[in-house]
Amino acid sequence: QVQLVESGGGLVQPGGSLKLSCTASGSSFSIYAMAWYRQAPGAQRELVARITSGGRTNYADSIKGRFTISRDNAKNTVYLQMNSLKPEDTADYYCNAGFRTLSYWGQGTQVTVSS
C-alpha cells in the first residue's frame, strides 16, 4: 500500500511558476512509475507528465517545454516544476504511482493561474 500526499499548489499569476511535490509513504518507491495528472472543472482527468522507475519522462503536448517532472527516490518524492503558467493550467493536480496492476492516487492539490 502506498499513500501519496501532494503539496505546493496555490494561486499564481500568468507567467509565474509553481513546484508541486508528491511524497509517498511505504516502501519500494523506486519501483513505481510516477505521474502527475490534472482535472479542470467540467473536464476529464488528463495525464500531464510521467516518469518511469528508470527516469524516462514523457509529457502532454500542452505543457512541453514549460513543465518538468523529476523524482528523488531517497526522499520518496516526485516533483512537477511548472513554469510559464497559463490560465488554462488551472486545475486540480493529482499524483499517481503505478506498478503493473497497482495504481495509487493522492488527494490532489489545486493550482489556480489568474491575475
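The residues listed here are Ser70, Ser30; of these, the one that is open to solvent by less than 60 Å² (accessible area, probe 1.4 Å), over 15 Å from the mean Cα position of the chain (by Cα) and closer than 16 Å to Ala97 by Cα is Ser30.
Exactly one residue out of Asp92, Asp61 is of a type in the set (Asp, Glu), touching a Pro at 6+ places or on another chain (Cβ under 9 Å) and at negative phi, and it is Asp92.
Would the range 89-106 turn up any residue that is under 13 Å from Ala35 (Cβ atoms), outside any strand (DSSP E or B) and either open to solvent by 40 Å² or more (accessible area, probe 1.4 Å) or at pLDDT 95 or above (or both)? Within the range 89-106 (the criterion being under 13 Å from Ala35 (Cβ atoms), outside any strand (DSSP E or B) and either open to solvent by 40 Å² or more (accessible area, probe 1.4 Å) or at pLDDT 95 or above (or both)), the answer is yes, since at least one residue qualifies. Take the conditions (1) loosely packed, with under 12 Cβ neighbours inside 10 Å; (2) of a type in the set (D, E, K, R); (3) touching a Cys at 6+ places or on another chain (Cβ under 7 Å); Lys64 misses just one of them, which is (3).
Checking each residue in the range 1-27 for being open to solvent by 40 Å² or more (accessible area, probe 1.4 Å) and of a type in the set (A, V, I, L, M, F, W, C) picks out Val5, Leu11. Here the condition is being in contact with a Pro (Cβ under 7 Å, 6 or more places away or on another chain) and either assigned to a loop (DSSP other than H, G, I, E, B) or buried (at least 20 other Cβ atoms within 10 Å of the Cβ) (or both); of Leu85, Leu80, it holds for Leu85 alone. Of all residues in the range 25-40, those that are at pLDDT below 95 have Cβ atoms under 9 Å from Cβ atoms of residues that are surrounded by fewer than 18 Cβ atoms within 10 Å (Cβ to Cβ) and assigned to a helix (DSSP H, G or I), 6 or more apart or on another chain, in Phe29/Asn73; Phe29/Lys75; Ser30/Asn73.
The values are calculated or read from the model by the stated rules, or taken from the named source; none is laboratory data. The structure presented is a predicted model; accordingly, all values stated were derived computationally and were not measured. Here the Cβ is made from the backbone with ideal geometry for all residues, glycine too, and neighbour counts use every protein chain on show. With ligands, DNA and RNA removed, areas are computed over all heavy atoms of the protein, side chains included. Shrake-Rupley method; radii C 1.70, N 1.55, O 1.52, S 1.80 Å.
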